[in-house]
């Protein structure tokens, strides 16, 4: 079985592989619990960051920020 | 001309999220966003209509953040470093668990070297491609991916240690 490099695995996690390459890598990952686990860890990390920071987007904007733009609208 | 402001205002929530991730502290993050917007408004003629305003703005936010880090470093050479303050990394609207997680993640991010923190912000949080992120940071792709991998490993192990 062909070796899967860290770079390749991370590129897969970041959606950098085209769909053919991604499917092909998934095939190679199937029997590799260690690497599957790494993919899972990265997925969790992404979810965690979004869980922590996405709520910022719902907060009310500071007035100064709106005014900086609003005064020019 | 007004299209610029309108498009910029739709980007604000996203830029604020990135600012929070980079700066950590709520007040510092909002100051950063404000400085970035003022800089963008001054430099608006440099933006080419039709090109991506989000990438252009992310670059400005990032550059303002780096400037702030540098001037902070200069200030710390003349003044004693501040005591490690209370973490104001969340606004109290969330439940205890969310708050604890937020605190842990925020702290772990602040412990990363800035060059690792920013690639994680751009690629993992913002979802930019390697190419887009490398262009924003003005580094070769190889540099970007090696920082990304080092940052990821460091962040993962810090978060596991909590």
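The values are calculated or read from the model by the stated rules, or taken from the named source; none is laboratory data. Treat the numbers as computed from the prediction; the structure is a model and nothing was measured. Here the Cβ positions follow ideal geometry from the backbone for every residue, glycine too, while neighbour counts run over all protein chains shown.
Quick notes on this one:
- Residue B:148 being under 17 Å from residue B:22 (Cα atoms) and in contact (Cβ under 8 Å) with a residue 60 or more places away in the chain: no
- All positions within region A:1-45 that are under 11 Å from the mean Cα position of the chain (by Cα), surrounded by 13 or more Cβ atoms within 10 Å (Cβ to Cβ) and in contact (Cβ under 8 Å) with a residue 12 or more places away in the chain: A:10, A:12, A:13, A:39, A:42
- With a requirement of 2 or more residues that are more than 9 Å from chain A (Cβ to nearest Cβ) and modelled with pLDDT under 95, the helices (runs of 4 or more DSSP H) lying completely within region B:112-162 that satisfy it span B:141-161.
- Counting only helices (runs of 4 or more DSSP H) that sit wholly inside region A:9-73, those with at least 3 residues that are at the interface with chain B (Cβ under 8 Å from one of its Cβ atoms) are A:33-53, A:63-70.
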